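The values are calculated or read from the model by the stated rules, or taken from the named source; none is laboratory data. Treat the numbers as computed from the prediction; the structure is a model and nothing was measured. All Cβ positions, glycine included, derive from the backbone under ideal geometry; neighbour counts span all protein chains shown.
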């Protein structure tokens, strides 16, 4: 891998359960995006990969400098082989040699990465964590995912499964996670769990709320408008998340956490109590070396990160 | 750093709060050890460093091949500079340029490392974790420490403070750790906390025990002799430790945990329920890629690891 100072033009593909988004990037600049491809429109992997390849071919007519494709997918991949083991929420995507198929179709070098890793790479290479040695990127949404840059390199773990912070435990006898793992962080601060918790907190105060009224966005708006219960809920979210991040800080002593995703849009409502919580949990040395940063790119992180991974792999 | 296949002869120094132990090593072979130096016998760092240097000079008369010195210390060091920020339980050891002083006195290259890192390095280089890419070494004793080898390299974190797993939280509202960090693992499975917990468990069953009767060793012997309460305690220790290690496995997806220190001497009493607990907390991919291994070296890990770090740094 070479980290060129003059960035390479590459296509970043952000492959989601609902849409596949494509963009032409040169460094952090997005030169072009086009209409997202609805993921379900194509019956099976071959057809969807063909649709991506066709899009890339058209992009190359307008941007002949395109030199590589990076695809980020929501699931378990083997980065070295560009092999998709399984995708979460995308039926039919098991054991797909995506790198091989797409590079043969497109005639371009291809890299395949997990989506949380690609987001982290974008933030480390060009975003909030730029220039730092050890960066942990988080996406807080329906799920809670993360990617790790350690000693200035993407760290993927022994089976490319590192970064599953949503499955880390914050309570040895707590709520059961997807794998039966007690105290799984995601079961406390995932979008749906925040909503359920809010309904419960309001009910304790004698107030009836529907789940749909308690999205993280709605709770943030209520808190900003002075709703004491909503403010308390953000404090609790910060306590739960802060417990997990403090544990990670003790283990890895990183330079920064870069936090993106819908839940992070609450801004200071989340970041202020989160910083207080983490400071209260860490030594001076670890805390003073640590930054808690909002993500720079958010919705574009996938496209930028995957394009950057592809360009840097040449 | 070069990982030579023909190991270099080096002195490993295991600097503890009570004794400083020295040994001449060639790879995993300890060629010679001598009488430990009582840490408190020397008034201040200069005198103790001089005593170490004098010992090394005598060792060189018998082993002229000695090419470097590695010192492992119980505290916070800057590995690159060989600088001791502060040692736990050793008065007067603040801001000591140990590498500089000892290399000037001895005329040899010196490296200075944290003791848990040195133990991990020994196990990764020559012990239970040999040949693996991602290894986490643990020492379970009065304190709970760890070192990380990631992508085949010692990972120290941004302020050389990585690996403090005793401070990781296993309960967001649990017992308060040394830094006010709620749920600190060390407050559940440190030697003294195991003893306190055992006294409490026996008292619940109407049995009076003194703290001194409840060392991890005594609880292990009782469990082996069929004491149901003692067996239950080992199950609880495995639950607490397993919660933390499962979280680390979700985060880092390592090849192995290598577990040493006094508490690990319980053997299957600890390892069997620990494996069951971790399997219950992890995905198939992460669990099947993971080994839980007893340490190979134990008391010699410091000497071997520090000598190996010194030799490999040439």
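Okay, here's what the table says:
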| item | result |
| --- | --- |
| Residue satisfying all of: in the range A:84-97; out of contact with any helix residue (DSSP H, G or I) (no Cβ under 7 Å at 6 or more places or on another chain) and touching a residue at least 12 places away in the same chain (Cβ under 8 Å); surrounded by the fewest Cβ atoms within 10 Å (Cβ to Cβ) among these | A:95 |
| Of all residues making up the range A:283-314, the number that are within 24 Å of residue A:241 (Cα to Cα) and touching a helix residue (DSSP H, G or I) at 6+ places or on another chain (Cβ under 7 Å) | 10 |
| Long-range neighbours under 8 Å by Cβ, at least six apart or interchain, first residue free of Cβ contacts under 8 Å to residues at least 24 places away in the same chain and in the same structural domain as residue B:89 (by TED's automatic domain parsing) within the range B:21-41, second in a strand (DSSP E or B) and surrounded by fewer than 16 Cβ atoms within 10 Å (Cβ to Cβ) | B:36/B:19; B:37/B:19; B:38/B:19 |
| Breaking point among (1) surrounded by 21 or more Cβ atoms within 10 Å (Cβ to Cβ); (2) touching a strand residue (DSSP E or B) at 6+ places or on another chain (Cβ under 9 Å); (3) touching a residue at least 60 places away in the same chain (Cβ under 8 Å), for residue B:262 | (1) |
| Criterion violated by residue B:300 - all others in (1) closer than 21 Å to residue B:132 by Cα; (2) out of contact with any strand residue (DSSP E or B) (no Cβ under 8 Å at 6 or more places or on another chain) satisfied | (2) |
| Selection count, the range B:27-46, where residues are touching a helix residue (DSSP H, G or I) at 6+ places or on another chain (Cβ under 8 Å) and part of a strand (DSSP E or B) | 4 |
| The lone exception for residue B:152 - which of (1) out of contact with any helix residue (DSSP H, G or I) (no Cβ under 7 Å at 6 or more places or on another chain); (2) facing chain A (nearest Cβ under 10 Å) it fails | (2) |
| Some residue of the range B:185-199 being within 27 Å of residue A:149 (Cβ to Cβ), in contact with a strand residue (DSSP E or B) (Cβ under 9 Å, 6 or more places away or on another chain) and either more than 9 Å from every other protein chain (Cβ to nearest Cβ) or at pLDDT 95 or above (or both) | yes |
| Count of the range A:175-184 residues which are in a loop (DSSP other than H, G, I, E, B), in contact (Cβ under 8 Å) with a residue 12 or more places away in the chain and either within 18 Å of residue B:284 (Cα to Cα) or within 8 Å of chain B (Cβ to nearest Cβ) (or both) | 3 |
| Failed condition for residue B:55, given (1) buried (at least 16 other Cβ atoms within 10 Å of the Cβ); (2) touching a helix residue (DSSP H, G or I) at 6+ places or on another chain (Cβ under 8 Å) | (2) |
| Top-ranked residue of the range B:80-122 - restricted to ones that are under 20 Å from residue B:136 (Cα atoms) and outside any strand (DSSP E or B), ranked as farthest from the other protein chains (Cβ to nearest Cβ) | B:122 |
| The range B:47-79, residues that are closer than 18 Å to residue B:309 by Cα, at pLDDT 95 or above and not in a helix (DSSP H, G or I) | B:65, B:66, B:67, B:68, B:69, B:70, B:71, B:72, B:73, B:77, B:78, B:79 |
| Residue that is modelled with the highest pLDDT [pool: residues in the range B:1-25 that are surrounded by fewer than 18 Cβ atoms within 10 Å (Cβ to Cβ) and farther than 21 Å from residue B:90 by Cα] | B:6 |
| Candidate set: the range A:158-174, residues that are at the interface with chain B (Cβ under 7 Å from one of its Cβ atoms) and outside any loop (DSSP other than H, G, I, E, B); chosen: the one surrounded by the most Cβ atoms within 10 Å (Cβ to Cβ) | A:169 |
| Qualifying positions in the range B:65-94 - more than 19 Å from residue B:162 (Cα to Cα) and in contact with a strand residue (DSSP E or B) (Cβ under 9 Å, 6 or more places away or on another chain) | B:65, B:66, B:67, B:68, B:69, B:70, B:89, B:90, B:93, B:94 |
| Residues being assigned to a loop (DSSP other than H, G, I, E, B), within 11 Å of chain A (Cβ to nearest Cβ) and crowded, with 21+ Cβ neighbours inside 10 Å - total across the range B:125-145 | 1 |
| Residue within the range B:243-262 that is within 7 Å of chain A (Cβ to nearest Cβ) and farther than 23 Å from residue B:121 by Cα present | yes |
| Test result for residue A:148, over 17 Å from residue A:72 (Cβ atoms), assigned by TED's automatic domain parsing to the domain that holds residue A:190 and either touching a residue at least 12 places away in the same chain (Cβ under 8 Å) or buried (at least 24 other Cβ atoms within 10 Å of the Cβ) (or both) | no |
| Tally, over the range A:200-213, of residues that are outside any helix (DSSP H, G or I) and either touching a strand residue (DSSP E or B) at 6+ places or on another chain (Cβ under 9 Å) or surrounded by 17 or more Cβ atoms within 10 Å (Cβ to Cβ) (or both) | 1 |
